[in-house]
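Participant: Have a look at this one before I ask anything.
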């Protein structure tokens, strides 16, 4: 587990993160543009998709457990086992008793967890273009907090984007352009 923790929080370079996120953004937004009908149906059903929510929540739990188990806790080392037990109880309680918008809440937690490795990779790096990744990470943190606390906002946002085909196309184009900017900066400057 230590190797996975080190790979996520110490070994990721700005170039690796930029290439990976740029490619991911491009592929995801190209799929939205090319398979508009199927992605619209999938996006519409996403907030109440309990199966996907449980899978993402399991990933979130494993990630939280990994972080708590491997990070330097300093003076909090005495409560390490108690928090690990609390994480297991929290995962089970959240998964079985918070079924309303489970996928949205799990995605929100995932976005918050995902921001830390991105910010670590960009920390004190010289190119100014690293701020593309920093901006994205902070946007994930803010969205993640709102998705966990007010999950209906994702449903409402999806409904707003899907209201007209032009909105979906514009949103997908914006994501595609952002992904290309990140990828180009990763190749040229990171």
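Participant: Being in a helix (DSSP H, G or I), under 20 Å from the mean Cα position of the chain (by Cα), free of Cβ contacts under 8 Å to residues at least 24 places away in the same chain and surrounded by 14 or more Cβ atoms within 10 Å (Cβ to Cβ) is true for just one of 118, 104, 134. Which residue is that?
Facilitator: The unique qualifying residue is 134.
Participant: Of the residues 86, 90, which is modelled with pLDDT under 90 and more than 28 Å from residue 121 (Cα to Cα)? Steps first, answer last, please.
Facilitator: Numbers: 86 fails: modelled with pLDDT under 90.
Every option except 90 fails the conditions.
Participant: Can you go through 83, 17, 98, 67 and tell me which one is free of Cβ contacts under 8 Å to residues at least 12 places away in the same chain and surrounded by 14 or more Cβ atoms within 10 Å (Cβ to Cβ)?
Facilitator: 98
To keep it simple, each residue is scored yes or no on (1) at pLDDT 95 or above; (2) touching a helix residue (DSSP H, G or I) at 6+ places or on another chain (Cβ under 7 Å).
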| residue | (1), (2) |
| --- | --- |
| 30 | yes, yes |
| 47 | no, yes |
| 66 | no, yes |
| 71 | no, no |
| 74 | no, no |
| 94 | no, yes |
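The values are calculated or read from the model by the stated rules, or taken from the named source; none is laboratory data. Note that the coordinates shown come from a computational prediction; the quantities given were computed from them, not determined experimentally. All Cβ positions, glycine included, derive from the backbone under ideal geometry; neighbour counts span all protein chains shown.
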